[in-house]
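To keep things clear, I will list the structure first and then write my remarks on it.
Here, each number is a calculation from the coordinates, and none is a lab measurement. Not measured: the values here are computed from a predicted model. As a convention, Cβ positions derive from the backbone with ideal geometry for all residues, glycine included, and neighbour counts pool all protein chains shown.
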Amino acid sequence: MVSLKVVCFDLDDTICDLGDGHQKTRLIIIDKLSRESDYPRDAVARIYDIEWAIFKQDYMALVSEGLDEQDIRERHIESVLDGIALETSAGDYARLFGTETLKELHIFPDARRVMDALGKKYRLTMITNGASVWQRAKIEKLSIEDYFEEIIVSGELGHHKPSSKIFEEMTRRTQVDASEIIYIGNNYMKDVVGAKESGWKAVWVKRNDEERDESVPDYVINELSELLEIL
């Protein structure tokens, strides 16, 4: 890729791994809701999961309204609280979700080596979806901010992947042609499709068995270390 100048990374599930943090946090919140409401734990879990399934279906519509993950989590908790007739702060529970999930965060073993190597050849940047408070906290915990010339957090910009507006903003900030940027991400729709529709190149980090049209990304890899053979 002779014309490539900027390598832009996704954060969640690309550079860092939450492991089973979401599942552990789910159990913590369900237990707490059960204690505070006197509802049986199984009943709370059922309501929690049903409501989250609904929110997941509507996720992209909510994002298009300008909501970030923190907002969506808070709305989800509000619906659970309604279901168990508990009057308490949904915001507190949403923040608890972020705090507990952060405890399980770790960087993928090959990420630093890859960023060290690519940083010697290209300008590195990052675009990540999520609330500013949590995405910035993840970056700080992992001590990776210095790798990146520019970092765009969707919650700060008001636009979220796969919207072309967030990719166009990075193109503007780096002052290169869109075709000179490649995006590295694990989410097919948000990362690969979003980048390609914005005129960027894209690498799909396929960390699961999801079946998608693999002709859309420029490259498909399973581990970040494979980037060193491509770029």
Requested in this report: Among Ile84, Ile184, Ile127, determine the one that fluctuates most according to a GNM of the chain built with springs between C-alpha atoms less than 10 Å apart.
Outcome: Ile84
Report summary line: Rounded to whole angstroms and listed largest first, the alpha-carbon spread of the stretch 103-183 along its three principal axes comes to 34, 30, 18
**Report entry** Using distinct alpha-carbon pairs, which all enter the 1/r mean, Kirkwood radius of the chain in Å
**Finding:** 18.7
Query raised in the report: If one computes the Cα centroid of the stretch 15-82 and of the stretch 186-231, what distance in Å separates the two points?
Result: 28
Query raised in the report: Separation between the Ser132 and Ile107 pseudo-spin-labels, each 7 Å from Cα along Cα→Cβ, expressed in nm?
Result: 2.5
Requested in this report: For the stretch 21-103, just run the numbers: alpha carbon Rg, then divide by 2.2 N^0.38 Å, N being how many residues it has.
Outcome: 1.03
Query raised in the report: Just Asn129, Asn187, Asn208 to compare: in a GNM of the chain, with alpha carbon springs under 10 Å, which one fluctuates most?
Result: Asn208
Requested in this report: Work out the length of the dipole vector of the chain about its Cα centre, built from +1 on the beta-carbon of each Lys and Arg and -1 on the beta-carbon of each Asp and Glu, and round it to the nearest 20 debye.
Outcome: 520
Query raised in the report: What does the helix-only formula give at 222 nm for the chain: each DSSP H stretch with n ≥ 4 adding -39500 (n - 2.57), the total divided by the residues, and the result rounded to the nearest 500 deg cm²/dmol?
Result: -14500 deg cm²/dmol
Report task. Quick one: of Lys161/Lys201; Lys121/Lys196; Lys24/Lys165; Lys24/Lys201; Lys5/Lys165; Lys5/Lys196, which pairs are farther than 26 Å apart, Cα to Cα? Result -> Lys24/Lys165; Lys24/Lys201
Query raised in the report: Can you give the percent of C-alpha pairs in the stretch 112-231 whose distance is more than 22 Å?
Result: 33
